[in-house]
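Only one structure is covered here, and it is reproduced in the block below.
Rule-based calculations on the coordinates, nothing more; no lab input. What you see is a predicted model, and the numbers here were worked out from it, not measured in a lab. Cβ: placed from backbone, ideal geometry, glycine included. Neighbour counts: every protein chain shown.
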Amino acid sequence: MEFVELTKKEYHDFWENHPLKTFLSALEIGKLREKANWKTYYVGVKDKKKIIAGTMMFGRKSHFGRYEFYSPRGYLLDFNDEDLVEFFTKNLKKYLQKKKAYIFRVDPYLIYKQRDIDGNVVEGGIDNSKVVSHLETLGFKKVPIKDMEQVGWMFSLDLEGKDEEQILKEMKPNTRNTIRKTEKFGITIKELEYEELPRFQSIMEETGKRKEFAVRKLDYFQTMYKLFHDKGEVKYYVTELDLKKYQANLKKEKKEKEEKLQSLSDAKYNEGQKKNLNQEIASLEKRITEANEIRKRASKDVITLSGSMFMLIKPEVIYLSSGNYEEYMNYNSQYLIQWELIKYGIKNGFKKHNFYGIPANINEHPKDYGIYEFKRGFNGYVEELIGEFELPISWHYNLFKIIHKIKR
């Protein structure tokens, strides 16, 4: 085996066919990082001229002329081959010492323990505890969940070998009914062009302010568009509702229910049906009134409800970012957009729809449990990754840890 620097093309060709590939380890992310003053490096291991391990990593000057290095979703190799992992790590450390590094961070795209839809560990399922233990014997230190840069827990739905009917049937009844309602409302989905991205940014800012989380600048979404859109690997969507058409549909439905109500006799066995129809008519009247009020406030007929950003790099569709205008959340348009992208994934040969981040240790009902419940309604399973690790490269590691602790 030989530790080597890889060319950009060598790394890309290796990444393209690797089972642990994801958008964060794609070449384009290097260009994104370079805008934030990181420098990109490609290294790997060759055996008889064949690449058997590789990683893309970024280096940036920190304190006292020392550098921090980070490999998003690295390494790309067989983690069960302990000799290979050890060879790569030891040689990488020597390489980074020459680059004046003090730390190397990595967060492999590798499942820790297989879990079911409820977040419970699957007996006899995937278990990479040995991988974690081996990394620790090589000097890696586990980073606490709260300090990790990337998502550590996700929720996913397998698409391979399934059709739309089967997936719809396996959803929770409430989710399936909500999707049908959004279709009935006449909500539409619009893919945004580059010049329309401020619309998405506006939704994200409103959501971030309401939920108290930091939102990326418009420049990030624009850069991601430039890097991935031409290959169809990133898509931004907004959901819209034509209030005028929506009201017309409601009035039509209300009239049909009123006619049905009038056609029922006063027989006792019709009392239950009459009660339900009266409730439905009252609900429709309320929605008609609400739509009128929104039209007056907005001074327009077509309103934007929500926005979503998806990464589409096979084998998975990733639901990366989203936001909703609070005023229009009762339209539940995010259910429709998930369903449309699930159908897109089936049609275009994706193996998985990844709803992405959920709170850690979900079976303990942590804060923001509602995020998980929304995603859970589509069916699927919880994925826990092995997490982020730090490898100290020089004695400066402990010094900088003390400095960072004081700053916090």
- Message: If I model a spin label at residue 184 and residue 218 as a point 7 Å from the Cα along the Cα→Cβ vector, what separation in nanometres do I get?
- Response: 3.9
- Message: Output wanted: per-residue J couplings in Hz (rounded whole) for region 52-66, from phi through Karplus 6.51 cos²θ - 1.76 cosθ + 1.60, θ = phi - 60°, x for Gly and Pro.
- Response: 10, 7, x, 7, 9, 9, 10, x, 8, 5, 10, 10, 6, x, 9
- Task: Would you calculate a helix-derived [θ] at 222 nm for the chain, using -39,500 (n - 2.57) for each DSSP H run of n ≥ 4 and dividing by the full residue count, to the nearest 500?
- Result: -13500 deg cm²/dmol
- Along region 268-277, Karplus-curve 3J(HN,Hα) (6.51, -1.76, 1.60; θ = phi - 60°) to the nearest Hz, with x for Gly and Pro, reads 4, 5, 8, 4, x, 5, 5, 4, 4, 5
- Message: In whole Å, what are the extents of the chain along the principal axes defined by its C-alpha atoms, from largest to smallest?
- Response: 87, 48, 43
- Item | Stokes-Einstein D in µm²/s, Kirkwood radius over Cα pairs - region 244-296 at 4 °C with 1.567 mPa s viscosity | 109
- Query: Taking 0.36 nm per residue of separation and subtracting the Cα-Cα distance, what length does fully extending residue 252 through residue 297 add?
  - Reply: 13.8 nm
- Name the long-range amide H neighbours of residue 122: under 5 Å, sequence gap of 5 or more, or other chain; modelled H, no Pro or chain starts. 114, 115, 116
- Item | Partners for residue 130 among lysines (Cα-Cα distance below 22 Å; same-chain residues under 8 apart left out) | 21, 90, 93, 113, 141, 142
- Expected vector for region 124-133, Karplus 3J(HN,Hα) from phi with 6.51, -1.76, 1.60 and θ = phi - 60°, integer Hz, x for Gly and Pro, equals x, x, 4, 8, 9, 4, 5, 5, 4, 4
- Item | Cα-based reach from residue 226 at 16 Å (exclusive), listing lysines while leaving out same-chain residues under 8 positions away | 31, 35, 217, 235
- Message: Just want to confirm a number: the relative contact order over the chain, from Cα pairs under 8 angstrom separated by 6+ residues, in percent.
- Response: 25
- Message: Quick check: the distance between the Cα centres of region 218-236 and region 62-134, to the nearest angstrom?
- Response: 28
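Identify the chymotrypsin sites (Phe, Trp or Tyr not before Pro) of region 348-408 meeting these criteria: DSSP loop state and at most 14 other C-beta atoms within 10 Å of the C-beta.
Filter output for region 348-408: 395.
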- Under a point spin-label approximation (7 Å from Cα along Cα-to-Cβ), what is the residue 35-residue 17 distance to one decimal in nm? 3.2
